1. Which of the residues that make up the range 1-33 are of a type in the set (Asp, Glu) and in contact with a helix residue (DSSP H, G or I) (Cβ under 6 Å, 6 or more places away or on another chain)?
2. Counting only residues that are over 14 Å from residue 21 (Cβ atoms) and buried (at least 17 other Cβ atoms within 10 Å of the Cβ), which one in the range 95-113 is modelled with the lowest pLDDT?
3. Can you pull out the residues in the range 117-131 that are under 20 Å from residue 153 (Cβ atoms) and surrounded by fewer than 19 Cβ atoms within 10 Å (Cβ to Cβ)?
4. Here is a list: 92, 109, 78. Which entry is charged (D, E, K, R) and without any contact (Cβ under 8 Å) to a residue 24 or more places away in the chain?
5. Any residue at all in the range 180-199 that is among the aromatic types (Phe, Trp, Tyr), part of a helix (DSSP H, G or I) and not assigned by TED's automatic domain parsing to the domain that holds residue 141?
Amino acid sequence: MGLDQRIIEKSKLLWEQCLPHISVDSVVFGFHENQLKVLLLKMTAAQQWLLPGGYVYKDENLQDAAQRVLTERTGAQRVYLQEFGVFGTLNRSEGFFTDYEDGLWYKQRFISAGFYALVDYTAVNVTADEYSETCEWRNIDDLPELAMDHQLIYTNALTVLRQQLSYKPIGMSLLPERFTISELQKLYETILGRTLNRGNFYRRIMRFGILVKHEDPRKGGAHKAPFLYSFDPHQYHESLQGLDW
């Protein structure tokens, strides 16, 4: 396979603009049709799947770099973003560029800050870059093999998300503004990977006073329409401290 001049030219630009040896990789979660999904890229040349990632400009901080990369991928300006780990496996990415000179930006050793992001699936427009064949959502129970150490990054992100579900306002970022109790319970069950008792879930979630009930039920269907709820952001943050499902 011949050398890609675009990669060589982009390498020169990155040496000028970005901090060497530091990168960001993000595990972007979305929730749609009762499925927890992850955003993945498929590289055109290598035909391998990766998490969305990028580099840190010399004049920006780490969090802003992660947000910028997500905006480029999804168009979302504001998402829930949480740093959860640092990854520094030796020779993480050099195998992608074995035919290139050692001075290539992409062949350097990078220590990557891992972030997980929670986005409203219906409010984003996923976008592939010039090196990607596709950028798409995949169900977490049907993921392809991930290249480099991205499987480890994904697994750690999901573990941390499950741990933090009890005390962070996670549902606010994954559900639409108004939702049913059944949809909220399904979100929790999907993330936790286990079934929750319906009655117990309702009683416990209502006890914390985090939901606002709307009198206009969802329209449609042959049965009684379920009531819609929305989160009270302040109460959600305060009341879920220490909640253990």
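The values are calculated or read from the model by the stated rules, or taken from the named source; none is laboratory data. This is a predicted model, so every value here is computed, not measured. Please note: Cβ atoms are built from the backbone with ideal geometry, for glycine as well, and neighbour counts cover all protein chains shown.
1. Passing the criteria: only 25.
2. Only one residue tops the list, namely 96.
3. 128, 129, 131, listed by residue number.
4. Going through 92, 109, 78 in turn, just one is charged (D, E, K, R) and without any contact (Cβ under 8 Å) to a residue 24 or more places away in the chain: 78.
5. Yes, there is a match, as at least one residue in the range 180-199 is among the aromatic types (Phe, Trp, Tyr), part of a helix (DSSP H, G or I) and not assigned by TED's automatic domain parsing to the domain that holds residue 141.
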